[in-house]
Amino acid sequence: MTAQKPILEIVDLHVNVEDKEILKGVNLTIKAGEIHAIMGRNGSGKSTLSYTVMGHPRYKVTSGKMLYKGEEISQMSPDERAKLGIALAFQYPVAIPGVSVSNFLRKTTNACRGREIPVKEFRQELKALMAKLGVKDEFLSRYVNDGFSGGEKKRLEILQLSLLKPSLAVLDETDSGLDIDALKTVSEGVNAMVSPETAILLITHYQRMLDYVQPDFVHVFQDGKIITSGGKELALELESRGYEWVKDTTVNQTVSV
Amino acid sequence: MSESLQVDNLQVSTIAREKVEDLCRLNGEPNWLKEKRLSAWESYLQCPMPTVKDEDWRATLVGKLDLGKLCPAAPLKEGKTASTPDLLKAALKDLAKPGAVYVEDYARGQMSVSVEAELSTAKVVVSPFAQAVESHKDVLEKLFAEKRGIQDKFTLMNEALAGGGLFVHVPKNTRVEAPVVMMLNLPENSTAATKDPSGLAVFPRIIINVEENASINFVSIVASEKTAEATETVLAASVVEFHIAAGAKVSVAEVTNLGPEVFFVNRVRAYVARDAVIDFTTAGLGGKQTKSDIETILMDRGAHAAVKGVVFGGGAERYAYNTIAEHAAPDTTSNINFRVALKDKSASIYQGIVKVDKVAQRTDAYQSNKNLLLGKEAKADSIPKLEILADDVKCSHGATVSPVDKEQLFYLTCRGLTAPEAEELIVTGFFQQVLDTIPIQGVVNFLAALTSDKLHKS
């Protein structure tokens, strides 16, 4: 795996939201074939990182580098990034009332793949994915995320990512609001996206999704940066000892240096 | 058009009694109708021209309408040319096989009516108004006698000078699925009429009478076509009435797609009897100034009105819609849903009144108006009002005016759509929510195509 080329390289990234610094020097390299998990408390800046990678206009990169397959993406619009192969599964996907799921999926898939997929071919692909993710047919005629339960929204996010086949998938708290069954199905959907060419960045509060989607690396986020990294055992450690423990170790480390 | 479109020297601003009488003679109308015209004419003279100081007209450019330049259109001759107005063609393509098509084409100077055998067999009447005055005088005389509703300068103008128009009658227990389609096609300028003053005014009167437990679908298209280079004012002031008897249901889709020089003043009145339903959707997609008042009068228990609007402004177009939901009996329900999206410098004002009479206990009324501002210079106003005299009612309303939601835009751009593509999809969805509720088959596609065209028109 070490011979793989990096998909995402973030170097000393600083990001402001309305003149307040939220990310304070993030360093992170994700190579093809890897699954990385970022864990941390609410307000530590995890979601800011995901929005910044996707290019939300409210999040301003003030310094640092953000390279996707070697190319600087900070100045690119979200749709340019999407077309390059970056996708974000939202923590809180917004509703687009009046737009049916089927129409939306076709439009966005065509946009990301850069070609019109024949209707029949698209339908076959979609039906197969829906079956895997336990999504019912009636879903397609509903308006996007309108009146969806938390679990339905997350399933739709994973369904979209499965169609868009991104090289870099960022999953922002995809596990929140899911019951155990839904968590299993959604995790299977995530695992199906894994390939030697793709990279996955999983952002989560809890360890529980990591039982199903096994990360190669776990990073702990605090106060706008990664304060420690490790293998998947770090997640288990965090689960039993809490985030306070990480804070303590870093303090100790600083002292001992 | 070889003949003049206009009645000689009959200016709208200075109607003389003899001229109204001339019109009656020209149409060969009976005395009772002549009396109605003359009484409307007298009221018309008394009634001041509305100004922007009037609550209902605050956003309407009546001052720009030079009545002195307008002459009412002469009655159209029946005929059929090879060319059908484009919009009608498009509508007929999308609609399920229509039951009847009535065309009043002032751009080509002719009218036509065709009724399918299915409707004739069921004794459904679809007739030009002038003919119905003779053939259905009893019904019409009765309907005219029991009239109520708001009168204003333009309504009275219509009543005094009405020409053209349509009468539809659906007998008891007759349910007609195939829609009755009416098209009013106007010239976008009337230089074809050589006389001075050269503006054209048309005053269609449409009466739809649906008896007990009957039902009908009605599609009305008001459009205009370029007929010459120069621009002169064109005014259409129509009155549309629905008389809906107990247990009957009427579904209506009305589209106005007029050129930038055409004024449109419209008054819709629906009288809804016990357990009867009106489902009314209007789509305002073009015109210099559209002023439309939609009154639904719920007259007996169980009556229901659903009034929906899709308004899409562009350029310097102006729209003023008033909805008046009157609950005149207990246990009546109304639901109003008006959606407005505005591009460029277009402007809209929506005023909605829910009136609950003292007797109308257990009224359930909801009123919603959402406005989407797409142009930086576009302007939308929303004034919802409640006038409640009963004490046991459920009435609520909501109004919003906002630009396109930034989080929706971000979400869609994250999925590969460019910002303009994302905005387009959001606007489409904004309207689609209303269009999806239209019960007349095929209308959704027709209107979705029209709003999509407008979205792409710069």
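The values are calculated or read from the model by the stated rules, or taken from the named source; none is laboratory data. Just so it is clear, the structure is predicted and the values come from calculations on it, not from any experiment. Heads up, the Cβs are rebuilt from the backbone with ideal geometry, glycines too, and the neighbour counts pull from every protein chain shown.
Across segment B:350-396, what is the total count of residues that are of a type in the set (A, V, I, L, M, F, W, C) and within 30 Å of B:A422 (Cβ to Cβ)? Of the residues in that region, 5 qualify.
Residue pairs whose Cβ atoms lie under 7 Å apart, sitting 6 or more positions apart in sequence or on different chains, and linking a residue in segment A:71-97 that is free of Cβ contacts under 8 Å to residues at least 12 places away in the same chain to a partner that is surrounded by fewer than 22 Cβ atoms within 10 Å (Cβ to Cβ) and charged (D, E, K, R), are A:E72/A:K65.
Among the residues making up segment A:63-87, a single one is buried (at least 22 other Cβ atoms within 10 Å of the Cβ) and in contact with a His (Cβ under 9 Å, 6 or more places away or on another chain): A:P78.
Please go through segment A:138-152 and give me each residue that is surrounded by 21 or more Cβ atoms within 10 Å (Cβ to Cβ) and at negative phi, ordered by number. Lay out the reasoning, then the answer.
Going through segment A:138-152, the residues surrounded by 21 or more Cβ atoms within 10 Å (Cβ to Cβ) turn out to be A:144-145.
Residue satisfying the conditions is A:V144 alone.
Out of B:A253, B:A237, which single residue is part of a strand (DSSP E or B), within 23 Å of B:P50 (Cα to Cα), among the hydrophobic types (A, V, I, L, M, F, W, C) and out of contact with any His (no Cβ under 6 Å at 6 or more places or on another chain)? Don't jump to the end; show me each part of the working.
Working: B:A253 fails: within 23 Å of B:P50 (Cα to Cα).
Checking each option against the conditions leaves just B:A237.
Of the helices (runs of 4 or more DSSP H) lying entirely inside segment B:100-193, those containing at least 2 residues that are modelled with pLDDT under 90 and under 29 Å from B:Q289 (Cα atoms) are B:153-161.
Looking at B:A107, B:A59 in this structure, which one is surrounded by 19 or more Cβ atoms within 10 Å (Cβ to Cβ), of a type outside the set (K, R) and within 28 Å of B:A380 (Cβ to Cβ)? Let's see the steps before the verdict.
Values: B:A107 fails: within 28 Å of B:A380 (Cβ to Cβ).
Answer to the selection: B:A59.
Of all positions in segment B:388-405, at least one carries a residue that is without any contact (Cβ under 8 Å) to a residue 60 or more places away in the chain, under 18 Å from A:F104 (Cβ atoms) and not in a strand (DSSP E or B). Of all residues in segment B:327-345, those satisfying the criterion of being assigned to a loop (DSSP other than H, G, I, E, B) and crowded, with 21+ Cβ neighbours inside 10 Å are B:A329, B:T332, B:K343.
Scanning segment A:137-156 for residues that are more than 16 Å from the chain's Cα centre (by Cα) and more than 22 Å from B:Q432 (Cβ to Cβ), we see that the one that is nearest to the other protein chains (Cβ to nearest Cβ) is A:G150.
Take the residues in segment A:2-34 that are on the phi < 0 side of the Ramachandran plot and not in a strand (DSSP E or B), then tell me which one is modelled with the lowest pLDDT. Quick ask: steps written out before the conclusion?
Of all residues in segment A:2-34, those on the phi < 0 side of the Ramachandran plot come to A:2-11, A:13-17, A:20-24, A:26-32, A:34.
If we keep only those that are not in a strand (DSSP E or B) too, we end up with A:2-5, A:32, A:34.
Values: A:T2: 48, A:A3: 58, A:Q4: 74, A:K5: 84, A:A32: 94, A:E34: 95.
In this case the residue turns out to be A:T2.
Tell me, which residue of segment B:400-421 that is out of contact with any strand residue (DSSP E or B) (no Cβ under 9 Å at 6 or more places or on another chain) and more than 8 Å from chain A (Cβ to nearest Cβ) is surrounded by the most Cβ atoms within 10 Å (Cβ to Cβ)? So, considering only residues that are out of contact with any strand residue (DSSP E or B) (no Cβ under 9 Å at 6 or more places or on another chain) and more than 8 Å from chain A (Cβ to nearest Cβ), the one surrounded by the most Cβ atoms within 10 Å (Cβ to Cβ) is B:L409. Out of the residues in segment B:346-362 that are under 26 Å from the mean Cα position of the chain (by Cα) and not in a strand (DSSP E or B), state the one that is surrounded by the fewest Cβ atoms within 10 Å (Cβ to Cβ). Once the filter is applied, the top-ranked residue is B:D357. With respect to (1) over 22 Å from B:V311 (Cα atoms); (2) in contact with a Cys (Cβ under 8 Å, 6 or more places away or on another chain); (3) not polar (S, T, N, Q), the lone exception for B:L389 is condition (2). In the condition set (1) among the aliphatic types (A, V, I, L, M); (2) under 20 Å from the mean Cα position of the chain (by Cα); (3) within 14 Å of chain A (Cβ to nearest Cβ); (4) part of a helix (DSSP H, G or I), B:L455 is compliant with all but (2). Scan segment A:113-131 for residues that are within 14 Å of chain B (Cβ to nearest Cβ) and not in a helix (DSSP H, G or I) and the total you get is 4. Annotation note: Cβ proximity below 8 Å between a residue of segment B:260-284 that is at positive phi and a residue that is part of a strand (DSSP E or B) and surrounded by fewer than 22 Cβ atoms within 10 Å (Cβ to Cβ) (sequence gap 6+ or interchain) occurs for no pair.
Annotation: A:L159 fulfils all but one of (1) away from chain B (no Cβ under 14 Å); (2) touching a helix residue (DSSP H, G or I) at 6+ places or on another chain (Cβ under 7 Å); (3) not small (G, A, S); the unmet one is (1).
Residues checked against (1) assigned to a strand (DSSP E or B); (2) within 11 Å of chain B (Cβ to nearest Cβ):
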site	(1), (2)
A:V61	yes, no
A:G64	yes, no
A:S74	no, no
A:R81	no, yes
A:A87	yes, yes
A:P97	yes, yes
A:T108	no, yes
A:A111	no, yes
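Among the residues of this structure, A:A169 counts as one that is within 27 Å of B:I426 (Cβ to Cβ) and either under 17 Å from the mean Cα position of the chain (by Cα) or surrounded by fewer than 17 Cβ atoms within 10 Å (Cβ to Cβ) (or both).
Of everything in segment A:42-59 that is more than 9 Å from chain B (Cβ to nearest Cβ) and of a type in the set (A, V, I, L, M, F, W, C), the residue that is nearest to B:V427 (Cα to Cα) is A:V53. With respect to the conditions (1) touching a Phe, Trp or Tyr at 6+ places or on another chain (Cβ under 9 Å); (2) part of a loop (DSSP other than H, G, I, E, B); (3) within 28 Å of B:I216 (Cα to Cα), B:F431 falls short on a single one, namely (2). For the residues A:V119, A:V144, the requirement of being touching a Phe, Trp or Tyr at 6+ places or on another chain (Cβ under 9 Å) and either within 20 Å of A:P166 (Cβ to Cβ) or at pLDDT below 95 (or both) singles out A:V144. Within the set B:V443, B:V434, the sole residue that is in contact with a Pro (Cβ under 9 Å, 6 or more places away or on another chain), closer than 29 Å to B:G302 by Cβ and either surrounded by 17 or more Cβ atoms within 10 Å (Cβ to Cβ) or hydrophobic (A, V, I, L, M, F, W, C) (or both) turns out to be B:V443. Of everything in segment B:363-387, what is modelled with pLDDT of 95 or more, part of a loop (DSSP other than H, G, I, E, B) and among the small types (G, A, S)? Give them in sequence order. Matches in segment B:363-387: B:A378 only.
When the residues of segment A:162-194 are narrowed to those that are in a loop (DSSP other than H, G, I, E, B) and touching a helix residue (DSSP H, G or I) at 6+ places or on another chain (Cβ under 7 Å), which ends up modelled with the highest pLDDT? Can you show your working first?
Step one: list which residues in segment A:162-194 are in a loop (DSSP other than H, G, I, E, B), which gives A:165-167, A:173-179, A:194.
Narrowing the set further to residues that are touching a helix residue (DSSP H, G or I) at 6+ places or on another chain (Cβ under 7 Å) leaves A:174-175, A:177-179.
Working: A:T174: 90, A:D175: 87, A:G177: 81, A:L178: 86, A:D179: 86.
Among those that are in a loop (DSSP other than H, G, I, E, B) and touching a helix residue (DSSP H, G or I) at 6+ places or on another chain (Cβ under 7 Å), it is A:T174.
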